[in-house]
Ligand SMILES: [Zn+2]
């Protein structure tokens, strides 16, 4: 059987947020601001639906006062995806805007890098201020409870999880961030999540300002660029252009490829 090709969708669930530009592109435009959105991604093909990242629960959205928030469950409905029945969720990294909504996918198997999981669940450093403010303790607890069950797959490094879909360890932003390399009709695309907040990072090497390991991050950029069929097929985690530069298929949802 031929390897399937997949379609990739970006689904905005919160935003826009105005941030210092130097937060989304490290040490650039120190006196300017930039806009970002919060997204999850859907990958469809070969009769399967894979969700990348979980978004946030209504509870966390309220606590953090997230502007423009819509429950990811309702956003997914706009393209006929029922979160209740999603089987595969790739968790790129354990920051609140990517993990809080883990409970919204009650039947899913979550793919998380073991290194990422162990850091956030076991390392006391993860409770220190610079890490704590990016954490959702509720989401982390939910994920921790899944350990030892079939619903949590701890991944060690690069791993093919489905035909035409491979997870790639790409640390830098966090200790065990992973991206998804996906076979599409245009070639191999990368759902990069926060390996870059913005498209520009993949051309300039300037990542966001939330840095765990800058040297690892530079190596991750080399790896991601080498793996993608074209730099235009590498998709960042928070860029408003994910919505504005691609065909809209429903409210706040674009088809990237
Ligand atoms: Zn993020």
Gained length - residue 226 relative to residue 249, 0.36 nm times residue gap less alpha-carbon distance: 5.3 nm
How would 155, 89 line up from fewest to most surrounding beta-carbon atoms within 10 angstrom? 155, 89
Summing -39500 (n - 2.57) over every DSSP H run of at least 4 in the chain, dividing by its residue total and rounding to the nearest 500, the 222 nm mean residue ellipticity is -6000 deg cm²/dmol
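In percent, how large is the relative contact order of the chain, given Cα pairs closer than 8 Å and 6 or more residues apart?
21
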Taking 198, 23 and counting other beta carbon atoms within 10 angstrom, the fewest-first order is 23, 198
I'd like the projected area of region 7-255, averaged over all directions, using the convex hull of its alpha carbons. Report it in nm² with one decimal. 12.1
With each pseudo-label sitting 7 Å past Cα toward Cβ, what's the residue 87-residue 186 distance in nm, one decimal? 2.8
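Every number in this text was worked out from the coordinates using simple rules, so none of it is lab data. Being a predicted model, the structure only gives us computed values, none of them experimental. Ideal geometry is used to build each Cβ from the backbone, glycine not excepted, and the neighbour counts take in all protein chains shown.
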